[in-house]
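The values are calculated or read from the model by the stated rules, or taken from the named source; none is laboratory data. Bear in mind that the values here come from a model prediction, so they are computed numbers and not experimental data. Neighbour counts run over all protein chains shown; Cβ positions are idealised from the backbone, glycine included. These accessible areas exclude ligands, DNA and RNA; they are computed on the full protein's heavy atoms, side chains included. Shrake-Rupley method; radii C 1.70, N 1.55, O 1.52, S 1.80 Å.
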Amino acid sequence: MNQPSKIAVIDDDASMREALSALMRSMGWTVQCHASADDFVAEQAYEAMDCIVTDVQMPGMSGVELLEWLRDHQLAMPVVVITSYPTVAVAARVVAAGRSAFLGKPFDGDEMLQTVETLLKQ
């Protein structure tokens, strides 16, 4: 039997972390939440993750900076980047950073799940 996929949810908004965590758990995935990208990196939580869902705008390291950090450290897990302020510039940086997807808030729960499932299969 396969182990459930491990998803990291990184967002400084506690209610968004809780909502995303519940959504991901509904698929049977294991979820680990972090209030910042800095905490995620400091705890070396990336070592056990199959996919990351991260906000763009957070105190400290942004979601895009996290993507770039992962790329610079040759960590190729897929990342879903979410933001309340989707811009072409941010989308371009997300795409340039590698295997990832970009969703503007508010997003549909089914769209999020489908995006994560697609990335996990790549």
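Taking region 1-19, which residues are of a type in the set (D, E, K, R), touching a Ser or Thr at 6+ places or on another chain (Cβ under 9 Å) and either part of a helix (DSSP H, G or I) or open to solvent by 60 Å² or more (accessible area, probe 1.4 Å) (or both)? Reasoning before the result, please.
Initially, region 1-19 is screened for residues of a type in the set (D, E, K, R), giving 6, 11-13, 17-18.
Retained after the next criterion (residues that are touching a Ser or Thr at 6+ places or on another chain (Cβ under 9 Å)): 6, 11-12.
Result: 6, 12.
Tell me which residues, restricted to region 20-71, are without any contact (Cβ under 8 Å) to a residue 24 or more places away in the chain, buried (at least 16 other Cβ atoms within 10 Å of the Cβ) and within 23 Å of residue 111 (Cα to Cα).
Within region 20-71, 21 is the sole residue that qualifies.
Select from region 1-19 the residues that are out of contact with any helix residue (DSSP H, G or I) (no Cβ under 9 Å at 6 or more places or on another chain) and within 20 Å of residue 110 (Cβ to Cβ) and list them in ascending order.
4, 15, 16, 17, 18
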